[in-house]
(Lines give C-alpha, C1' and ligand atoms only; values in the text may rest on other atoms or scores of the structure.)
Protein backbone atom coordinates (compact mmCIF):
# COMPACT_ATOMS: atom_id res chain seq x y z
CA UNK A 1 0.00 0.00 0.00
CA UNK A 2 1.25 3.47 -0.89
CA UNK A 3 -0.08 6.98 -0.50
CA UNK A 4 0.71 9.85 -2.84
CA UNK A 5 -1.90 12.27 -1.47
CA UNK A 6 -1.61 14.53 1.59
CA UNK A 7 -3.78 13.62 4.56
CA UNK A 8 -6.90 15.65 5.32
CA UNK A 9 -6.87 16.77 8.96
CA UNK A 10 -9.56 18.05 11.30
CA UNK A 11 -9.66 18.28 15.08
CA UNK A 12 -11.33 14.86 15.28
CA UNK A 13 -10.35 12.93 12.11
CA UNK A 14 -7.45 12.14 9.82
CA UNK A 15 -8.49 11.00 6.33
CA UNK A 16 -5.91 9.30 4.10
CA UNK A 17 -6.16 7.93 0.58
CA UNK A 18 -4.02 4.91 -0.21
CA UNK A 19 -3.40 2.98 -3.39
CA UNK A 20 -2.92 -0.75 -3.49
CA UNK A 21 -0.37 -2.39 -5.75
CA UNK A 22 -2.98 -2.65 -8.48
CA UNK A 23 -3.92 1.01 -8.18
CA UNK A 24 -7.10 0.34 -6.24
CA UNK A 25 -8.04 3.29 -4.06
CA UNK A 26 -8.36 2.63 -0.31
CA UNK A 27 -9.80 5.39 1.91
CA UNK A 28 -9.00 5.18 5.63
CA UNK A 29 -10.29 7.40 8.45
CA UNK A 30 -8.58 7.76 11.85
CA UNK A 31 -10.90 9.07 14.58
CA UNK A 32 -8.95 11.15 17.11
CA UNK A 33 -9.98 11.91 20.69
CA UNK A 34 -7.76 13.98 22.98
CA UNK A 35 -4.81 13.58 20.64
CA UNK A 36 -5.02 9.77 20.52
CA UNK A 37 -6.33 7.57 17.71
CA UNK A 38 -9.48 5.89 18.98
CA UNK A 39 -10.91 4.15 15.90
CA UNK A 40 -9.77 3.24 12.42
CA UNK A 41 -12.23 2.79 9.58
CA UNK A 42 -11.88 1.75 5.95
CA UNK A 43 -14.45 3.28 3.64
CA UNK A 44 -16.83 0.76 2.08
CA UNK A 45 -17.94 0.78 -1.59
CA UNK A 46 -20.88 2.97 -2.74
CA UNK A 47 -23.41 0.15 -2.21
CA UNK A 48 -23.15 0.83 1.52
CA UNK A 49 -23.82 4.57 1.23
CA UNK A 50 -27.54 4.15 1.93
CA UNK A 51 -26.99 2.83 5.47
CA UNK A 52 -27.30 5.17 8.47
CA UNK A 53 -24.05 6.88 9.44
CA UNK A 54 -24.10 5.32 12.92
CA UNK A 55 -24.29 1.84 11.41
CA UNK A 56 -21.72 2.72 8.72
CA UNK A 57 -19.17 3.48 11.45
CA UNK A 58 -19.53 -0.03 12.89
CA UNK A 59 -19.31 -1.73 9.48
CA UNK A 60 -16.21 0.23 8.49
CA UNK A 61 -14.50 -0.49 11.81
CA UNK A 62 -15.14 -4.21 11.35
CA UNK A 63 -13.90 -4.18 7.75
CA UNK A 64 -10.73 -2.32 8.75
CA UNK A 65 -10.06 -4.83 11.55
CA UNK A 66 -10.36 -7.71 9.09
CA UNK A 67 -8.19 -5.99 6.48
CA UNK A 68 -5.61 -5.30 9.20
CA UNK A 69 -5.78 -9.00 10.15
CA UNK A 70 -6.55 -8.08 13.76
CA UNK A 71 -9.37 -10.28 15.16
CA UNK A 72 -8.70 -8.78 18.62
CA UNK A 73 -10.01 -5.45 17.35
CA UNK A 74 -13.31 -7.17 16.52
CA UNK A 75 -13.89 -8.43 20.07
CA UNK A 76 -15.47 -5.22 21.49
CA UNK A 77 -17.71 -4.98 18.41
CA UNK A 78 -18.83 -8.59 18.86
CA UNK A 79 -19.55 -7.96 22.52
CA UNK A 80 -21.64 -4.91 21.58
CA UNK A 81 -23.83 -6.94 19.21
CA UNK A 82 -22.05 -7.25 15.84
CA UNK A 83 -22.67 -10.64 14.18
CA UNK A 84 -19.96 -12.14 11.94
CA UNK A 85 -20.57 -15.31 9.92
CA UNK A 86 -18.26 -17.15 7.53
CA UNK A 87 -18.15 -20.79 6.43
CA UNK A 88 -20.90 -21.85 8.88
CA UNK A 89 -18.98 -20.29 11.79
CA UNK A 90 -19.90 -17.35 14.00
CA UNK A 91 -18.08 -14.57 15.81
CA UNK A 92 -14.35 -14.80 16.43
CA UNK A 93 -14.19 -18.32 15.01
CA UNK A 94 -15.60 -16.98 11.72
CA UNK A 95 -13.00 -14.20 11.60
CA UNK A 96 -10.18 -16.66 12.32
CA UNK A 97 -11.43 -19.00 9.59
CA UNK A 98 -11.67 -16.14 7.11
CA UNK A 99 -8.09 -15.01 7.72
CA UNK A 100 -6.80 -18.58 7.49
CA UNK A 101 -8.62 -18.97 4.16
CA UNK A 102 -6.87 -15.83 2.86
CA UNK A 103 -3.50 -15.93 4.65
CA UNK A 104 -1.67 -13.20 2.70
CA UNK A 105 -2.38 -9.55 2.09
CA UNK A 106 -5.68 -7.73 1.82
CA UNK A 107 -9.09 -9.31 1.42
CA UNK A 108 -10.32 -8.83 -2.13
CA UNK A 109 -13.90 -7.57 -2.18
CA UNK A 110 -15.61 -8.55 -5.42
CA UNK A 111 -19.05 -7.20 -4.54
CA UNK A 112 -20.96 -5.82 -1.57
CA UNK A 113 -24.69 -6.45 -1.10
CA UNK A 114 -26.50 -4.44 1.59
CA UNK A 115 -29.92 -5.40 2.97
CA UNK A 116 -31.46 -2.81 5.30
CA UNK A 117 -34.16 -4.05 7.66
CA UNK A 118 -36.09 -2.37 10.46
CA UNK A 119 -34.09 -4.03 13.24
CA UNK A 120 -30.78 -4.79 11.56
CA UNK A 121 -28.61 -4.23 8.53
CA UNK A 122 -26.93 -7.17 6.79
CA UNK A 123 -23.82 -6.78 4.65
CA UNK A 124 -22.83 -9.61 2.34
CA UNK A 125 -19.17 -9.37 1.31
CA UNK A 126 -18.56 -11.48 -1.82
CA UNK A 127 -14.95 -12.68 -1.81
CA UNK A 128 -12.97 -15.00 -4.11
CA UNK A 129 -14.24 -18.53 -3.52
CA UNK A 130 -17.65 -19.89 -2.62
CA UNK A 131 -18.17 -18.53 0.90
CA UNK A 132 -19.35 -14.93 1.48
CA UNK A 133 -18.67 -12.97 4.66
CA UNK A 134 -21.86 -11.83 6.45
CA UNK A 135 -21.95 -8.92 8.92
CA UNK A 136 -25.20 -8.18 10.72
CA UNK A 137 -25.47 -4.94 12.69
CA UNK A 138 -28.44 -4.16 14.99
CA UNK A 139 -29.97 -0.83 14.01
CA UNK A 140 -31.99 -0.05 17.14
CA UNK A 141 -31.08 2.93 19.30
CA UNK A 142 -29.96 0.83 22.27
CA UNK A 143 -27.51 -1.20 20.18
CA UNK A 144 -26.13 1.89 18.44
CA UNK A 145 -25.53 3.50 21.83
CA UNK A 146 -23.51 0.43 22.88
CA UNK A 147 -21.39 0.66 19.73
CA UNK A 148 -20.82 4.37 20.35
CA UNK A 149 -18.77 3.56 23.45
CA UNK A 150 -16.66 0.86 21.81
CA UNK A 151 -12.98 1.74 21.36
CA UNK A 152 -11.51 -1.08 19.24
CA UNK A 153 -8.00 0.38 19.26
CA UNK A 154 -7.71 -0.53 22.94
CA UNK A 155 -8.12 -4.21 22.07
CA UNK A 156 -5.05 -4.27 19.85
CA UNK A 157 -2.64 -3.70 22.75
CA UNK A 158 -1.24 -6.93 24.26
CA UNK A 159 -2.65 -7.72 27.69
CA UNK A 160 -0.76 -6.25 30.67
CA UNK A 161 1.44 -4.11 28.40
CA UNK A 162 1.23 -0.41 29.28
CA UNK A 163 1.82 2.06 26.44
CA UNK A 164 5.21 3.08 27.84
CA UNK A 165 6.57 -0.44 27.30
CA UNK A 166 5.87 -0.55 23.59
CA UNK A 167 9.11 -0.40 21.59
CA UNK A 168 9.90 3.02 20.21
CA UNK A 169 10.88 1.54 16.84
CA UNK A 170 7.59 -0.34 16.34
CA UNK A 171 7.01 1.54 13.08
CA UNK A 172 9.40 0.48 10.31
CA UNK A 173 11.59 3.17 8.86
CA UNK A 174 10.77 4.30 5.36
CA UNK A 175 12.14 1.88 2.81
CA UNK A 176 12.00 -1.11 5.16
CA UNK A 177 9.43 -3.80 5.83
CA UNK A 178 8.41 -5.50 9.04
CA UNK A 179 6.94 -8.99 9.44
CA UNK A 180 5.20 -10.49 12.44
CA UNK A 181 7.20 -13.46 13.80
CA UNK A 182 5.44 -16.36 15.48
CA UNK A 183 7.18 -18.08 18.43
CA UNK A 184 7.53 -21.27 16.36
CA UNK A 185 8.88 -19.48 13.30
CA UNK A 186 12.68 -19.64 12.85
CA UNK A 187 14.34 -16.34 12.17
CA UNK A 188 15.73 -15.86 8.69
CA UNK A 189 18.26 -13.20 7.74
CA UNK A 190 16.74 -10.44 5.64
CA UNK A 191 17.79 -10.51 1.98
CA UNK A 192 20.53 -8.05 1.21
CA UNK A 193 19.65 -5.42 -1.38
CA UNK A 194 22.31 -4.27 -3.84
CA UNK A 195 24.31 -1.29 -2.58
CA UNK A 196 22.59 2.00 -3.32
CA UNK A 197 24.02 3.72 -6.37
CA UNK A 198 22.11 6.90 -7.32
CA UNK A 199 21.36 7.10 -11.02
CA UNK A 200 19.22 10.15 -11.68
CA UNK A 201 22.21 12.49 -11.69
CA UNK A 202 24.13 10.65 -14.42
CA UNK A 203 21.52 8.64 -16.32
CA UNK A 204 21.62 10.89 -19.38
CA UNK A 205 25.39 10.53 -19.58
CA UNK A 206 25.10 6.74 -19.28
CA UNK A 207 22.48 6.63 -22.04
CA UNK A 208 24.71 8.73 -24.32
CA UNK A 209 27.81 6.63 -23.72
CA UNK A 210 26.20 3.18 -23.93
CA UNK A 211 26.52 1.54 -27.32
CA UNK A 212 23.34 -0.51 -26.97
CA UNK A 213 20.71 -1.74 -24.52
CA UNK A 214 22.92 -4.65 -23.46
CA UNK A 215 25.66 -2.28 -22.28
CA UNK A 216 23.15 0.07 -20.64
CA UNK A 217 21.58 -2.69 -18.54
CA UNK A 218 25.02 -3.98 -17.50
CA UNK A 219 25.95 -0.53 -16.23
CA UNK A 220 22.69 0.40 -14.51
CA UNK A 221 20.73 -2.68 -13.35
CA UNK A 222 21.58 -2.16 -9.66
CA UNK A 223 21.07 1.60 -9.62
CA UNK A 224 18.13 3.38 -7.95
CA UNK A 225 15.87 5.75 -9.86
CA UNK A 226 12.99 7.91 -8.70
CA UNK A 227 10.02 9.34 -10.51
CA UNK A 228 9.75 13.01 -11.40
CA UNK A 229 6.78 14.61 -9.65
CA UNK A 230 4.90 16.38 -12.42
CA UNK A 231 1.49 16.90 -10.82
CA UNK A 232 2.07 20.62 -10.21
CA UNK A 233 4.25 21.19 -13.29
CA UNK A 234 1.95 20.12 -16.15
CA UNK A 235 -0.71 22.75 -16.82
CA UNK A 236 -2.11 21.63 -20.19
CA UNK A 237 -2.56 17.84 -20.28
CA UNK A 238 -3.38 17.80 -24.00
CA UNK A 239 -0.22 19.70 -24.92
CA UNK A 240 1.84 17.51 -22.59
CA UNK A 241 0.56 14.28 -24.18
CA UNK A 242 0.95 15.59 -27.73
CA UNK A 243 4.59 16.44 -26.99
CA UNK A 244 5.29 13.07 -25.36
CA UNK A 245 3.49 11.02 -28.06
CA UNK A 246 4.15 12.90 -31.33
CA UNK A 247 3.40 9.78 -33.44
CA UNK A 248 -0.09 9.32 -31.91
CA UNK A 249 -3.39 11.02 -32.72
CA UNK A 250 -4.93 12.73 -29.67
CA UNK A 251 -8.70 12.67 -29.19
CA UNK A 252 -10.45 14.24 -26.22
CA UNK A 253 -13.82 13.46 -24.66
CA UNK A 254 -14.27 15.58 -21.53
CA UNK A 255 -11.67 14.47 -19.00
CA UNK A 256 -10.79 11.35 -21.04
CA UNK A 257 -7.93 11.65 -23.52
CA UNK A 258 -7.28 8.91 -26.09
CA UNK A 259 -3.90 8.50 -27.81
CA UNK A 260 -4.46 6.42 -30.93
CA UNK A 261 -1.95 4.66 -33.16
CA UNK A 262 -2.20 1.87 -35.70
CA UNK A 263 -1.14 -1.60 -34.49
CA UNK A 264 2.51 -2.48 -34.95
CA UNK A 265 4.36 -5.72 -35.79
CA UNK A 266 2.62 -8.92 -34.70
CA UNK A 267 -0.54 -6.82 -34.12
CA UNK A 268 0.92 -5.38 -30.91
CA UNK A 269 -0.87 -2.22 -29.77
CA UNK A 270 0.33 1.24 -28.69
CA UNK A 271 -2.93 3.15 -28.05
CA UNK A 272 -3.77 4.57 -24.61
CA UNK A 273 -6.84 6.00 -22.85
CA UNK A 274 -6.18 8.31 -19.94
CA UNK A 275 -8.19 10.38 -17.52
CA UNK A 276 -7.32 13.81 -16.15
CA UNK A 277 -7.97 14.30 -12.43
CA UNK A 278 -8.00 17.72 -10.77
CA UNK A 279 -5.99 17.98 -7.53
CA UNK A 280 -5.95 20.86 -5.03
CA UNK A 281 -2.42 21.80 -6.12
CA UNK A 282 -2.29 20.52 -9.69
CA UNK A 283 -3.45 17.60 -11.82
CA UNK A 284 -2.99 13.86 -12.04
CA UNK A 285 -3.15 11.58 -15.08
CA UNK A 286 -4.43 8.04 -14.50
CA UNK A 287 -5.37 5.13 -16.77
CA UNK A 288 -8.99 5.11 -17.93
CA UNK A 289 -10.01 1.53 -17.13
CA UNK A 290 -13.14 1.53 -19.32
CA UNK A 291 -13.64 -1.97 -20.73
CA UNK A 292 -16.28 -4.64 -21.27
CA UNK A 293 -16.38 -8.36 -20.44
CA UNK A 294 -18.34 -10.61 -22.74
CA UNK A 295 -17.91 -14.19 -23.92
CA UNK A 296 -14.67 -14.65 -22.00
CA UNK A 297 -13.01 -11.64 -23.64
CA UNK A 298 -11.98 -8.28 -22.22
CA UNK A 299 -12.68 -5.62 -24.86
CA UNK A 300 -11.35 -2.06 -24.81
CA UNK A 301 -13.22 0.91 -26.35
CA UNK A 302 -11.00 0.81 -29.47
CA UNK A 303 -11.78 -2.88 -30.08
CA UNK A 304 -8.59 -4.38 -28.61
CA UNK A 305 -9.32 -7.74 -26.93
CA UNK A 306 -7.69 -9.96 -24.31
CA UNK A 307 -8.77 -13.59 -23.99
CA UNK A 308 -9.72 -14.27 -20.35
CA UNK A 309 -11.62 -17.49 -20.99
CA UNK A 310 -9.22 -19.44 -18.73
CA UNK A 311 -10.44 -17.44 -15.71
CA UNK A 312 -13.67 -17.71 -13.77
CA UNK A 313 -16.23 -14.91 -14.18
CA UNK A 314 -15.35 -13.41 -10.79
CA UNK A 315 -11.61 -13.57 -11.50
CA UNK A 316 -12.08 -11.90 -14.88
CA UNK A 317 -14.18 -9.13 -13.32
CA UNK A 318 -11.61 -8.59 -10.58
CA UNK A 319 -8.54 -8.51 -12.84
CA UNK A 320 -9.96 -6.76 -15.94
CA UNK A 321 -9.21 -3.18 -14.81
CA UNK A 322 -5.72 -4.19 -13.72
CA UNK A 323 -4.96 -5.68 -17.14
CA UNK A 324 -6.05 -2.39 -18.70
CA UNK A 325 -3.80 -0.43 -16.35
CA UNK A 326 -0.82 -2.68 -17.11
CA UNK A 327 -1.34 -2.14 -20.84
CA UNK A 328 -1.24 1.64 -20.56
CA UNK A 329 1.60 1.61 -18.02
CA UNK A 330 3.93 -0.29 -20.37
CA UNK A 331 2.89 1.77 -23.41
CA UNK A 332 4.00 4.90 -21.53
CA UNK A 333 7.62 3.68 -21.38
CA UNK A 334 10.00 6.17 -22.95
CA UNK A 335 7.81 9.16 -22.02
CA UNK A 336 7.31 11.32 -18.96
CA UNK A 337 3.78 9.94 -18.68
CA UNK A 338 5.46 6.95 -16.98
CA UNK A 339 6.14 9.22 -13.99
CA UNK A 340 2.38 9.68 -13.58
CA UNK A 341 1.31 6.06 -14.06
CA UNK A 342 4.05 4.10 -12.26
CA UNK A 343 3.64 3.24 -8.57
CA UNK A 344 6.35 1.69 -6.37
CA UNK A 345 6.16 -2.07 -5.87
CA UNK A 346 8.04 -4.95 -4.29
CA UNK A 347 7.59 -7.43 -7.13
CA UNK A 348 10.49 -9.86 -7.35
CA UNK A 349 11.99 -9.47 -10.82
CA UNK A 350 14.46 -11.36 -12.97
CA UNK A 351 15.87 -9.63 -16.04
CA UNK A 352 17.40 -11.82 -18.77
CA UNK A 353 19.23 -10.00 -21.57
CA UNK A 354 19.78 -12.15 -24.65
CA UNK A 355 22.35 -10.25 -26.67
CA UNK A 356 25.72 -11.52 -27.79
CA UNK A 357 25.84 -13.24 -24.42
CA UNK A 358 23.02 -14.34 -22.14
CA UNK A 359 23.15 -12.29 -18.95
CA UNK A 360 20.86 -12.59 -15.92
CA UNK A 361 20.20 -9.77 -13.45
CA UNK A 362 18.00 -9.38 -10.39
CA UNK A 363 16.95 -5.72 -10.14
CA UNK A 364 15.54 -4.26 -6.96
CA UNK A 365 11.95 -4.64 -8.19
CA UNK A 366 9.79 -4.30 -11.28
CA UNK A 367 9.29 -0.58 -10.59
CA UNK A 368 13.02 0.08 -10.96
CA UNK A 369 13.22 -2.10 -14.08
CA UNK A 370 10.56 -0.04 -15.85
CA UNK A 371 12.16 3.25 -14.81
CA UNK A 372 15.51 2.13 -16.21
CA UNK A 373 14.10 0.88 -19.49
CA UNK A 374 11.93 3.97 -19.80
CA UNK A 375 15.04 6.13 -19.72
CA UNK A 376 16.72 4.05 -22.45
CA UNK A 377 13.64 4.02 -24.71
CA UNK A 378 13.08 7.77 -24.67
CA UNK A 379 11.73 8.93 -28.01
CA UNK A 380 10.62 5.44 -29.09
CA UNK A 381 7.11 4.14 -29.68
CA UNK A 382 6.37 1.27 -27.31
CA UNK A 383 3.90 -1.43 -28.38
CA UNK A 384 2.65 -3.77 -25.67
CA UNK A 385 -0.06 -6.45 -25.54
CA UNK A 386 -1.15 -9.04 -22.96
CA UNK A 387 -1.71 -12.61 -24.12
CA UNK A 388 -1.65 -16.21 -22.89
CA UNK A 389 -3.70 -15.62 -19.73
CA UNK A 390 -4.05 -18.99 -17.97
CA UNK A 391 -4.25 -20.81 -14.64
CA UNK A 392 -1.24 -22.86 -13.53
CA UNK A 393 -1.47 -24.71 -10.19
CA UNK A 394 -4.46 -22.51 -9.27
CA UNK A 395 -2.47 -19.30 -9.90
CA UNK A 396 -3.03 -16.79 -12.68
CA UNK A 397 -0.17 -16.36 -15.11
CA UNK A 398 0.05 -14.31 -18.29
CA UNK A 399 2.58 -12.85 -20.70
CA UNK A 400 3.26 -9.41 -22.04
CA UNK A 401 4.88 -8.83 -25.43
CA UNK A 402 6.66 -5.51 -25.99
CA UNK A 403 8.37 -3.74 -28.89
CA UNK A 404 10.24 -0.45 -28.44
CA UNK A 405 10.76 1.03 -31.91
CA UNK A 406 12.69 4.17 -32.82
CA UNK A 407 12.06 6.40 -35.84
CA UNK A 408 15.09 4.94 -37.64
CA UNK A 409 13.74 1.40 -37.19
CA UNK A 410 15.91 0.21 -34.30
CA UNK A 411 13.81 -2.21 -32.29
CA UNK A 412 14.17 -3.86 -28.90
CA UNK A 413 11.85 -6.73 -28.06
CA UNK A 414 10.77 -8.11 -24.68
CA UNK A 415 8.68 -11.02 -23.47
CA UNK A 416 7.52 -10.58 -19.87
CA UNK A 417 6.07 -13.44 -17.82
CA UNK A 418 3.85 -12.42 -14.92
CA UNK A 419 2.64 -14.49 -11.95
CA UNK A 420 -0.10 -13.62 -9.41
CA UNK A 421 -0.19 -14.96 -5.87
CA UNK A 422 -3.17 -16.43 -4.00
CA UNK A 423 -4.35 -12.89 -3.29
CA UNK A 424 -4.41 -12.10 -7.04
CA UNK A 425 -1.50 -9.72 -6.63
CA UNK A 426 1.47 -9.51 -8.93
CA UNK A 427 4.37 -11.13 -7.09
CA UNK A 428 6.80 -12.33 -9.79
CA UNK A 429 7.97 -10.95 -13.11
CA UNK A 430 10.53 -12.40 -15.49
CA UNK A 431 11.57 -10.16 -18.36
CA UNK A 432 13.45 -11.45 -21.40
CA UNK A 433 15.09 -8.63 -23.39
CA UNK A 434 16.24 -9.04 -27.01
CA UNK A 435 18.15 -5.90 -28.13
CA UNK A 436 18.19 -4.75 -31.76
CA UNK A 437 15.99 -7.36 -33.42
CA UNK A 438 14.48 -7.39 -36.89
CA UNK A 439 10.69 -7.14 -36.29
CA UNK A 440 8.42 -9.42 -38.30
CA UNK A 441 5.35 -7.75 -39.78
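Among the residues that make up the range 307-319, is at least one of them assigned by TED's automatic domain parsing to the domain that holds residue 216, surrounded by 14 or more Cβ atoms within 10 Å (Cβ to Cβ) and farther than 29 Å from residue 125 by Cβ?
Step one: of the range 307-319, the residues assigned by TED's automatic domain parsing to the domain that holds residue 216 are 307-319.
With the extra rule that they be surrounded by 14 or more Cβ atoms within 10 Å (Cβ to Cβ), the set shrinks to 307-308, 310-311, 314-319.
Remaining after also requiring farther than 29 Å from residue 125 by Cβ: 307.
Within the range 307-319 (the criterion being assigned by TED's automatic domain parsing to the domain that holds residue 216, surrounded by 14 or more Cβ atoms within 10 Å (Cβ to Cβ) and farther than 29 Å from residue 125 by Cβ), the answer is yes, since at least one residue qualifies.
The single residue among 375, 364, 387, 380 that is at pLDDT below 90, assigned by TED's automatic domain parsing to the domain that holds residue 241 and more than 20 Å from the chain's Cα centre (by Cα) turns out to be 375.
Is at least one residue of the range 237-244 touching a helix residue (DSSP H, G or I) at 6+ places or on another chain (Cβ under 7 Å) and not in a loop (DSSP other than H, G, I, E, B)? No, that holds for no residue.
Run down 288, 302 and say which single residue is under 16 Å from residue 272 (Cα atoms), exposed (fewer than 14 other Cβ atoms within 10 Å of the Cβ), at pLDDT 90 or above and touching a strand residue (DSSP E or B) at 6+ places or on another chain (Cβ under 8 Å).
After ruling out the rest, the residue left standing is 302.
Listed conditions (1) surrounded by fewer than 20 Cβ atoms within 10 Å (Cβ to Cβ); (2) at pLDDT below 75; (3) over 24 Å from residue 102 (Cα atoms) are all met by residue 72, apart from (3). Give the residues of the range 1-35 that are touching a helix residue (DSSP H, G or I) at 6+ places or on another chain (Cβ under 8 Å) and at pLDDT 70 or above, sorted by residue number. The answer is 28, 29. Of everything in the range 402-419 that is within 17 Å of residue 350 (Cα to Cα) and crowded, with 19+ Cβ neighbours inside 10 Å, the residue that is nearest to the chain's Cα centre (by Cα) is 418. Selection over the range 259-285 of residues that are closer than 27 Å to residue 415 by Cβ and either in contact with a helix residue (DSSP H, G or I) (Cβ under 7 Å, 6 or more places away or on another chain) or in contact (Cβ under 8 Å) with a residue 12 or more places away in the chain (or both) gives a count of 15.
Reported count of residues in the range 241-257, each being surrounded by fewer than 18 Cβ atoms within 10 Å (Cβ to Cβ), in contact with a strand residue (DSSP E or B) (Cβ under 8 Å, 6 or more places away or on another chain) and more than 15 Å from residue 284 (Cα to Cα), is 6.
Looking at 334, 238, 295, which is the one that is surrounded by fewer than 17 Cβ atoms within 10 Å (Cβ to Cβ) and on the phi > 0 side of the Ramachandran plot?
On the way: 334 fails: surrounded by fewer than 17 Cβ atoms within 10 Å (Cβ to Cβ); 238 fails: on the phi > 0 side of the Ramachandran plot.
It is 295.
Does the range 90-108 include one or more residues that are modelled with pLDDT under 75, in contact with a strand residue (DSSP E or B) (Cβ under 9 Å, 6 or more places away or on another chain) and surrounded by 18 or more Cβ atoms within 10 Å (Cβ to Cβ)? Within the range 90-108, one or more residues are modelled with pLDDT under 75, in contact with a strand residue (DSSP E or B) (Cβ under 9 Å, 6 or more places away or on another chain) and surrounded by 18 or more Cβ atoms within 10 Å (Cβ to Cβ).
The values are calculated or read from the model by the stated rules, or taken from the named source; none is laboratory data. Just so we're clear, the structure is a prediction, and the values are computed from it rather than from any experiment. All Cβ positions, even for glycine, are placed from backbone atoms using ideal geometry, and neighbour counts span all protein chains on display.
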